[in-house]
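Novice: Below you will find the structure I want to go over with you.
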Amino acid sequence: MPIKNRLAELLPEIAAWRQDIHAHPELGTEEHRTAALVADKLAAFGCDEIVPGVGGTGVVGVIRGKANTSGRVIGLRGDMDALPILEASGVDYPSRNEGVMHACGHDGHTAMLLGAAKYLAETRNFDGTVVLLFQPAEEVALGAKGMIDDGVMDRFGVDEVYGIHNMPGLPVGQFAIRPGPLLAATDEFFITVGGKGGHAAEPHTSIDPTVIASHIVIALQTIISRNADPIVQGVVSVTSVDTSSHAFNVIPQSVKLRGTVRTHSADLQDLIEQRLSDVATGIAASFGGQAQVEYLRHVPITINTDENTAFAEGIARSIAGDCSEASLIMGGEDFAFMLQERPGAFIFLGNGDSASLHHPEYNFNDETIPAGCSWFAELVERRMPAA
Ligand SMILES: [Zn+2]
Ligand SMILES: [Zn+2]
């Protein structure tokens with residue numbers, strides 16, 4: 001039976017798994033129920049190996065094809081975690097874990113990978129091995145790295161990796177992809193501005209860190225507008241200014257700034273990190289204060305490998321009839337760590353006219369499940385064709 005027809009038959013079952021996962025969301029590193037559900041399903045499908053507890057709550061499933069003369073191993077990744085958001089989607093299977101919500105569609109990613117696993121374990125119409133990577137903690141950027149640090153790529157001999165993210169605004173069942181950089185590096189910075197506290201009525205006896213921090217916030221805007229090549233996209237956002245002062249008449253001793261930097265270019269990332277430090281320390285010194293800068297690189301740039309992307313795009317075209325060129329996205333995705341380890345591709349799949357990702361009214365669109373499952377399954381059958 002063609003993949004398309006079989007997956008159409010399985011749709012109600014896969015949608016039911018998705019809605020069950022949706023109703024029981026779990027935060028990153030705490031996906032115990034979800035991981036158990038995944039492992040139970042993989043066992044019921046007859047997967048050859050099921051390994052829980054990889055990189056924390058990650059689950060790996062192995063399906064061997066009817067032949068293994070190619071010796072090839074394809075890794076397919078689905079993320080399982082939810083977000084600390086109070087759900088307002090209005091669905092009739094809402095979160096039963098108040099304040100936690102599948103607002104990024106990882107319930108759908110997990111269900112689609114399970115659907116593909118059921119089909120692939122049933123048919124095994126490929127020459128090689130599929131390694132299913134059910135990953136925890138994407139939103140907190142710990143899951144992919146955790147599984148890699150746990151040796152998942154070498155333990156299971158993974159040659160290449162593929163993943164899907166749903167995309168609100170793209171029509172249901174439509175795909176979008178691009179080779180090279182796709183999602184941004186996600187960095188965080190802290191700037192501690194030190195001055196000299198005192199009575200607000202006697203500012204001349206103080207060094208006011210609030211005034212210094214304000215100048216720094218304004219000056220940081222010039223990194224993108226004056227230092228960065230205007231052709232190259234980047235973001236510098238200060239998202240928190242904390243004086244820790246609760247009095248109207250006290251000049252605080254120090255002020256903490258916090259924010260994020262997003263880039264698709266390693267050169268720009270290096271430039272911003274350097275300028276951020278130079279601007280903050282230089283401005284603070286000019287006012288007689290000091291600035292200490294801490295810069296954390298959380299998630300690298302998600303970079304699709306050219307050859308794998310072309311192949312993945314071809315599969316998408318064969319399923320949807322078309323595949324659009326994805327726009328660069330300033331959000332980050334920890335699948336980037338897997339793409340640093342192995343060649344592969346990350347593709348977007350339309351979620352239709354829904355609320356945006358991370359919005360309390362967002363919901364994964366079950367109508368997109370057949371396209372996502374088909375993409376995983378066809379990719380395997382055509383990348384490792386059985387004789
Ligand atoms: Zn997300
Ligand atoms: Zn996500």
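The values are calculated or read from the model by the stated rules, or taken from the named source; none is laboratory data. What you are looking at is a predicted structure, and each value in this text was computed from that prediction instead of being measured. Backbone-built Cβ (ideal geometry, glycine too); neighbour counts: all protein chains shown. The area values use the complete protein model at the heavy-atom level, side chains included, leaving out ligands, DNA and RNA. Shrake-Rupley method; radii C 1.70, N 1.55, O 1.52, S 1.80 Å.
Novice: Given 20, 48, 79, which one is in contact with a helix residue (DSSP H, G or I) (Cβ under 9 Å, 6 or more places away or on another chain) and within 22 Å of residue 385 (Cβ to Cβ)?
Specialist: When all the criteria are applied, what remains is 48.
Novice: Let me ask you something else. Out of everything in region 223-257 that is over 22 Å from residue 196 (Cβ atoms) and charged (D, E, K, R), what residue ends up being least open to solvent (accessible area, probe 1.4 Å)?
Specialist: 229
Novice: Mind checking whether some residue in region 195-215 is open to solvent by less than 40 Å² (accessible area, probe 1.4 Å), among the hydroxyl-bearing types (Ser, Thr, Tyr) and more than 30 Å from residue 301 (Cβ to Cβ)?
Specialist: Yes: region 195-215 contains one or more residues that are open to solvent by less than 40 Å² (accessible area, probe 1.4 Å), among the hydroxyl-bearing types (Ser, Thr, Tyr) and more than 30 Å from residue 301 (Cβ to Cβ).
Novice: Being away from ligand 2 (no atom under 14 Å from the Cβ) and of a type in the set (S, T, N, Q) is the filter; apply it to region 104-143 and report the residue that is nearest to the chain's Cα centre (by Cα).
Specialist: Among them, the one singled out is 129.
Novice: Select from region 60-96 the residues that are surrounded by fewer than 24 Cβ atoms within 10 Å (Cβ to Cβ), under 19 Å from the mean Cα position of the chain (by Cα) and either modelled with pLDDT under 95 or not in a strand (DSSP E or B) (or both) and list them in ascending order.
Specialist: Hits for region 60-96 are 84, 85.
Novice: Tally the residues that are open to solvent by 10 Å² or more (accessible area, probe 1.4 Å) and over 13 Å from residue 2 (Cα atoms), restricting the search to region 358-377.
Specialist: The number of residues fulfilling the criteria is 9.
Novice: Separate question: Return the residues of region 185-194 that are touching an Asp or Glu at 6+ places or on another chain (Cβ under 7 Å) and either open to solvent by 50 Å² or more (accessible area, probe 1.4 Å) or farther than 30 Å from residue 288 by Cα (or both); say none if nothing qualifies.
Specialist: 190 - this is the single residue of region 185-194 that is touching an Asp or Glu at 6+ places or on another chain (Cβ under 7 Å) and either open to solvent by 50 Å² or more (accessible area, probe 1.4 Å) or farther than 30 Å from residue 288 by Cα (or both).
Novice: Collect the residues in region 296-336 that are open to solvent by 60 Å² or more (accessible area, probe 1.4 Å), more than 16 Å from ligand 2 (Cβ to nearest atom) and within 9 Å of residue 185 (Cα to Cα), keeping them in residue-number order.
Specialist: Matches in region 296-336: 297 only.
Novice: May I pose another question? Taking region 231-271 as the search range and keeping residues that are part of a loop (DSSP other than H, G, I, E, B) and closer than 23 Å to residue 302 by Cβ, which one is nearest to the chain's Cα centre (by Cα)?
Specialist: 264
Novice: Answer yes or no: is there a residue in region 97-105 that is part of a helix (DSSP H, G or I), within 23 Å of residue 373 (Cα to Cα), in the same structural domain as residue 373 (by TED's automatic domain parsing) and open to solvent by less than 10 Å² (accessible area, probe 1.4 Å).
Specialist: Within region 97-105, none of the residues are part of a helix (DSSP H, G or I), within 23 Å of residue 373 (Cα to Cα), in the same structural domain as residue 373 (by TED's automatic domain parsing) and open to solvent by less than 10 Å² (accessible area, probe 1.4 Å).
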